[in-house]
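As structure tokens, the structure follows; a few thoughts come after it.
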Amino acid sequence: MTKILAITNQKGGVGKTTTGVNLAASLSAARQRVLLVDLDPQGNATTGSGVDKRGRAITIYHVLLGARAIREARTRSESGEYDLIPANRELAGAEIEMVGLERREARLKEALAGVAGDYDYILIDCPPALNLLTVNGLTAAHAVMIPMQCEYYALEGLSDLVQTVKKVRAHLNPELQIEGLLRTMFDSRNTLAQQVSAQLIEHFGDKVYRTVIPRNVRLAEAPSHGVPALKFDKASKGAQAYLALAGEMLNRRQSATQDLQGRSGHGQG
Ligand code: ATP
Ligand code: MG
């Protein structure tokens with residue numbers, strides 16, 4: 001079954017796009033079929049995937065407005081070995097243009113239905129805002145993945161996000177889960193980061209991924225070459241961390257499936 005994840009945090013610069021690109025490449029390296037959806041007018045996930053955002057005539061913008069089918073917008077990240085729905089600045093206008101449309105919160109969900117069967121994972125890179133684009137991401141997803149830096153204000157921002165998830169669950173997408181919280185740009189020598197990390201685990205328990213993404217310059221350098229860190233420097237701590245995250249996600253998913261089979265009596269023991 002396809003798993004659709006919205007990578008979201010209304011706080012800017014916490015590592016959403018870095019996670020989208022590197023996780024897409026890492027899941028693909030683990031032989032998963034992956035689609036990355038760029039839902040941010042900044043188009044960073046597009047550029048980071050090695051696709052020229054200005055050169056794309058058909059993007060997520062045209063899909064959300066119903067002018068084009070999602071298959072027409074789809075392209076390939078050759079460097080990451082996954083499929084991509086690109087975005088560029090044009091998308092900034094979508095919010096206003098979508099206001100008059102029917103079921104405006106469910107435009108992405110309806111579009112993805114046309115291609116979901118082609119993938120094991122669909123990752124949605126959301127913009128740093130709790131706006132209509134993000135609401136489209138949350139409505140389309142089965143679950144949210146929240147990248148966050150372990151800083152003083154991080155927990156405060158998190159409660160706003162959790163409230164938004166609850167509202168979307170109540171009104172638009174009853175199935176929406178919190179898949180996990182990902183500690184990004186982590187510096188284990190920083191005492192405050194350790195404290196915030198401990199609080200996070202206290203509040204969210206095993207929703208916090210065991211895998212921690214360290215601060216690593218290779219992760220910051222790779223996008224300017226249009227490649228994921230995995231292709232830029234596979235041995236780097238950053239690339240290895242995202243490979244580990246993909247492994248953790250696949251293990252979690254496997255044990256969840258086994259639990260289900262066990263409970264319904266179809267397991268093998
Ligand atoms: P925005 O909210 O603007 O969309 P974002 O949450 O998508 O930002 P990124 O663009 O992924 O965040 O990361 C912000 C900056 O930090 C980028 O320059 C990126 O290269 C860098 N960065 C992300 N993760 C790491 C890391 N683990 N180590 C070092 N640099 C990182
Ligand atoms: Mg981003």
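The values are calculated or read from the model by the stated rules, or taken from the named source; none is laboratory data. Fair warning: this is a prediction, and the values are worked out from it, not measured in the lab. All Cβ positions, glycine included, derive from the backbone under ideal geometry; neighbour counts span all protein chains shown. SASA here: full protein model, heavy atoms, side chains in, ligands and nucleic acids out. Shrake-Rupley method; radii C 1.70, N 1.55, O 1.52, S 1.80 Å.
Points worth noting:
- Taking every residue in segment 170-186 that is within 16 Å of ligand 2 (Cβ to nearest atom) and pairing it with any residue that is open to solvent by 30 Å² or more (accessible area, probe 1.4 Å) and not in a strand (DSSP E or B), at least 6 positions away or on another chain, the pairs with Cβ-Cβ distances below 7 Å are MET185/ARG215.
- Residues located in segment 36-75, provided they are farther than 23 Å from ARG104 by Cα and touching a residue at least 60 places away in the same chain (Cβ under 8 Å): ASN44, ALA45, THR47, GLY48, SER49, GLY50, VAL51
- Taken over segment 208-249, the criterion of being surrounded by fewer than 21 Cβ atoms within 10 Å (Cβ to Cβ), within 16 Å of ligand 2 (Cβ to nearest atom) and hydrophobic (A, V, I, L, M, F, W, C) is satisfied by ALA220 alone.
- Matching residues in segment 131-161 - criterion: being assigned to a helix (DSSP H, G or I) and modelled with pLDDT of 95 or more: LEU132, LEU133, THR134, VAL135, ASN136, GLY137, LEU138, THR139, ALA140
- Residue match in segment 30-48 (condition: touching a Phe, Trp or Tyr at 6+ places or on another chain (Cβ under 9 Å), open to solvent by 10 Å² or more (accessible area, probe 1.4 Å) and over 15 Å from LEU133 (Cβ atoms)): yes
- Among the conditions (1) closer than 30 Å to LYS166 by Cβ; (2) open to solvent by 60 Å² or more (accessible area, probe 1.4 Å); (3) touching a residue at least 60 places away in the same chain (Cβ under 8 Å), the only one that GLN194 does not satisfy is (3).
- Residues considered: LEU182, LEU219, LEU123. Of these, the only one that is in contact with a Pro (Cβ under 7 Å, 6 or more places away or on another chain), within 16 Å of ligand 1 (Cβ to nearest atom) and modelled with pLDDT of 95 or more is LEU182.
- Condition check for CYS126 on (1) within 16 Å of ligand 2 (Cβ to nearest atom); (2) open to solvent by 20 Å² or more (accessible area, probe 1.4 Å): one failure, at (2).
- Counting only residues that are crowded, with 16+ Cβ neighbours inside 10 Å, of a type in the set (A, V, I, L, M) and out of contact with any Leu (no Cβ under 8 Å at 6 or more places or on another chain), segment 64-111 holds 1 of them.
- Number of positions in segment 120-132 that are under 17 Å from LEU84 (Cβ atoms) and of a type outside the set (D, E, K, R): 6
- Search result, residues across segment 33-50 that are among the aliphatic types (A, V, I, L, M) and within 15 Å of ligand 2 (Cβ to nearest atom): LEU36, VAL37, LEU39, ALA45
- Test: residue in segment 7-22 that is modelled with pLDDT of 95 or more and more than 12 Å from ligand 1 (Cβ to nearest atom): no
- Scanning segment 33-53 for residues that are under 19 Å from ALA246 (Cβ atoms), within 14 Å of ligand 1 (Cβ to nearest atom) and assigned to a loop (DSSP other than H, G, I, E, B) gives a single hit, SER49.
- Here HIS62 clears all of (1) in contact with a helix residue (DSSP H, G or I) (Cβ under 8 Å, 6 or more places away or on another chain); (2) within 12 Å of ligand 2 (Cβ to nearest atom) except the condition numbered (2).
- Among residues of segment 10-32, those that are within 9 Å of ligand 2 (Cβ to nearest atom) and part of a loop (DSSP other than H, G, I, E, B), counted: 4
- Residue pairs whose Cβ atoms lie under 7 Å apart, separated by 6 or more positions or on different chains, with the first residue in segment 219-235 and under 17 Å from LEU23 (Cβ atoms) and the second part of a helix (DSSP H, G or I) and acidic (Asp, Glu), are PHE232/GLU221.
- Selection count where residues are open to solvent by 80 Å² or more (accessible area, probe 1.4 Å) and assigned to a loop (DSSP other than H, G, I, E, B), scope segment 250-269: 3
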